[in-house]
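A short reminder: the numbers here are calculations on the coordinates, not readings from a lab. Model, not experiment: these values are computed from the prediction.
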Amino acid sequence: MEKPHILATKPGEYNGIRQIFAPLLEKHFTVVPYHEFEKNPNRWADKIQALIVFFSIPKISRDLLLSLPNLKAVISGGVGVDHLDIPLITSFGVKIANTPNIVDNATADMGMALLLASARKLIEGNENDTRLTHCDLGHDVSGSTLGIIGMGRIGYKIAKRAQGFDMKILYHNRKQREAEDEKAVGATYCAKIEDLLRESDFVMLSVNLSPETHKLIGKRELSLMKPTATLVNVSRGQCQLIFNLQVRGYWMTDPKSATPLLTLLLPHSDPNNCVINNRARRALVRKVSKNPMVTLTEPQKSFSEMGKPAGKTTILAALHQSVTRQTPLWSKTHVTAF
């Protein structure tokens, strides 16, 4: 029996599935690399039943959907679906599935790694970096206050890790968690985000991207934070931090850059390393391969049974950012971008 055909970025290509994980997909499907499809669409168009999107590639347009008459499912290789035009895709009768929960632990680990790197100035302290003075000793993590904005799956795992550093944990969420959840990690609820920002030495953003969280952190919010506080973002990057940093006097070396965060003073980039470990990536690819199998063999399955995206997204395809505020807003400052 011929295996179903799926359209995806070529295994091993940049932003594609790593070559070592390709067999997980090829076991169940005939994988049609997108560049091969572009060369000869007539050869593959009628055969393709599912399309897998990793890191927004390939881009799904009306023309692409029109060219795939037997397409049944679009699978996002991550929890995020904000890069997909959901009304357009569903108007063709095509289902959408994402892959939530897979990298929760890896993301929480990365959040703490970014926090520690910022606090202890690991990058600035590199022997090749002469910008760190002997008086610039960094900040204690143990005993400091961590404010978590977004106490969902990942936020709660971050709180568990922060316990090991004897941190005082505050959190702000759409609704307060159960008392037993709070007690388990020693977290205190802040009904107002302003209170959390004022009291925290470290602020961790772990929220879904939605109209409510878009531009969540702006000039006013930054001004409420302690001058020595650090903001770490393991959510989507669309909270307009770049714009706000420019407005508030944060130093930019190349404002015309297509990726401005990479040009900030003392830049450090995390190219989605929260999911670039073998265990997390293997689980992600395995989940990706399962979604089209469910869709193609059980067409009655609903969106919710496949992990209802509904535009609520978290972290996978975005640049991770951490912004360290160490001097007054009107002067040059060290800014760390992850």
Check: For the stretch 219-225, what does the Karplus curve 6.51 cos²θ - 1.76 cosθ + 1.60, with θ = phi - 60°, yield as ³J(HN,Hα) per residue in whole Hz, taken in order and with x for Gly and Pro?
Finding: 4, 5, 5, 4, 5, 7, 6
Check: In this model, which of Lys121/Lys219; Lys121/Lys160; Lys27/Lys157; Lys121/Lys168 are farther than 29 Å apart at the alpha-carbon?
Finding: Lys27/Lys157
Notebook entry, point to check: Once Rh is set to the Kirkwood radius over Cα pairs, what Stokes-Einstein translational diffusion coefficient, in µm²/s, holds for the stretch 30-99 at a temperature of 25 °C and a viscosity of 0.890 mPa s?
Noted result: 201
